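> Shown below is the structure under consideration.
Throughout, read-outs are computed from the coordinates displayed, never taken from laboratory work. Because the structure is a prediction, the values reported are computed rather than measured. Ideal geometry is used to build each Cβ from the backbone, glycine not excepted, and the neighbour counts take in all protein chains shown.
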Amino acid sequence: MKKRIFSLLMLMSAFVLVLAACQQADPKGSYAAAYKKLISAKSYEFSSDIGLKVDASNLGAEDKQFADMLNDATLTISGKTNAETKQSEAVIKAKLKVQNMSLDFDIPVYMDEKKQVGYIKIDSVLDSFGIFLGTAGMNFDSVKGKYLEFPLEDDKSSSKDTDELQKQLMESIKEAADNLPADKFEKADLTDKEKEQGASQKVAFSFSDKEIKAAVVKFIEIAGKASGEAVPKSELNKIKDGLKDVTFKKFDVTSTIDDKENLLTENADISFSVDSKKAPQSFGITASTTYKNIDGDVKFEHKPNKEDIVTEEEFEKLMAQDAMNF
């Protein structure tokens, strides 16, 4: 389940990119070449700053408080991946304000798809979530510097099966994007800063509410077929009905590319409203992503040594032993 969620997030992120990449005419052709180079790369690094804007003025005090927390939050996700060795790592950093308290999160995670296991640094979890776990102020010396091992797959599907499914889904996304209107893509002027960063061109694209909804439904339909579990027409109709309560106000994306067809940056600005008394009336999402070291030598900083790895059972025993000393 954990890996499914991670894969889904990666696929949905890729969906934004593929919307443009499947087109063949300029300026889409140059973008397609850069995107193809990225997804075909043996390795790369990325960093994404994410901002949220939630309007919950139509809801109760508790929901408004939660919305305020999200609005004031800063979130950065950075990562590295090596497609050949099937290794990757991500570091999630966030700053939140909860009931006049400022909380800093810094969670590194390392994943090995060949072994179907992941590792999360225990120190970072206790430091970040101690106030919620009831461990704030406690010293757990026995787990300092240790990494907790967890499975990436809850089912028995093989890594080969997962790779094939992801490949089919990516092809499905491309197929869904083929019908998008070509006149939505254009070249934009580079800023001085973007030129200094090595960009040689900028591509911008945007889609209307109708176009986005059609693309989402089409993606769900053909992704289901690719996975061998076609979505029934009745379910697709329910999805379409549900989307009637959602209105996309903005879906704008700009990307910069260097003269070697490397994708350098991707900036997305998305906002939508929801016609429901039980949900916040509007959401806004901004994401600014940079890519670097494409096909370069990626060095993982959070790959644990064997002696620093503990299983869930070992972790519970160590925590219990330390707790007895308080």
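> So if each residue of separation counts as 0.36 nm, and I subtract the Cα-Cα distance between residue 230 and residue 259, what length gain in nm does that give?
6.3 nm
> Report the one residue of 296, 286, 321 whose Cα lies farthest in the direction of the positive end of the charge dipole of the range 274-326 (charges on C-beta: Lys and Arg +1, Asp and Glu -1; origin at the Cα centre).
The listed residue farthest towards the positive side: 286.
> So for the pair residue 313, residue 74, with labels modelled 7 Å out along Cα→Cβ, what separation do we get in nm?
4.4
> Which of rounded, prolate, oblate describes the range 259-326, given a ≥ b ≥ c as roots of the alpha-carbon gyration tensor eigenvalues and a/c under 1.5 marking rounded, otherwise prolate only if a/b is larger than b/c?
Oblate shape, in that a/c is at least 1.5 and b/c is the bigger or equal ratio.
> Further question: Using per-residue counts of other Cβ atoms within 10 Å, averaged over each peptide, order 287-298, 198-209 from highest down.
Values: 287-298: 16.4, 198-209: 18.4.
Highest to lowest by the protection proxy: 198-209, 287-298.
> Within the range 203-263, list the trypsin sites (Lys or Arg not before Pro) lying in a DSSP loop whose Cβ has at most 16 other Cβ atoms in a 10 Å radius.
244, 260
> Could you give each residue of the range 277-293 its phi-based ³J(HN,Hα) in whole Hz, using Karplus coefficients 6.51, -1.76, 1.60 with θ = phi - 60°, and x for Gly or Pro?
6, 9, 10, x, 6, 7, 10, x, 10, 10, 9, 10, 10, 10, 10, 7, 6
> Another one. In whole Hz and in residue order, list the ³J(HN,Hα) couplings for the range 206-222 that follow from phi through the Karplus curve 6.51 cos²θ - 1.76 cosθ + 1.60, θ = phi - 60°; x for Gly and Pro.
Once θ is set to phi - 60°, the couplings for the range 206-222 become 8, 9, 7, 4, 5, 5, 5, 4, 5, 5, 5, 5, 5, 4, 4, 5, 7 Hz.
> In addition: Quick one: which residues, 5 or more positions from residue 188 or on another chain, have an amide H under 5 Å from its amide H? H modelled 1.01 Å from N in the peptide plane, none for Pro or chain starts.
When sequence neighbours closer than 5 places are left aside, the close amide H contacts are 202, 203, 204.
> Taking amide H positions as placed in the peptide plane 1.01 Å from N, state which residues far from residue 249 in sequence (5 or more) or on other chains have amide H under 5 Å from it.
Residues meeting the criterion, in which the H sits 1.01 Å from N, are 271, 272, 273.
> Say R0 is 30 Å: what FRET efficiency, to the nearest 0.05, do residue 30 and residue 94 get from their beta-carbon distance? Numbers along the way, then the final one.
Working: r = 35 Å, r/R0 = 1.16.
About 0.30, to the nearest 0.05.
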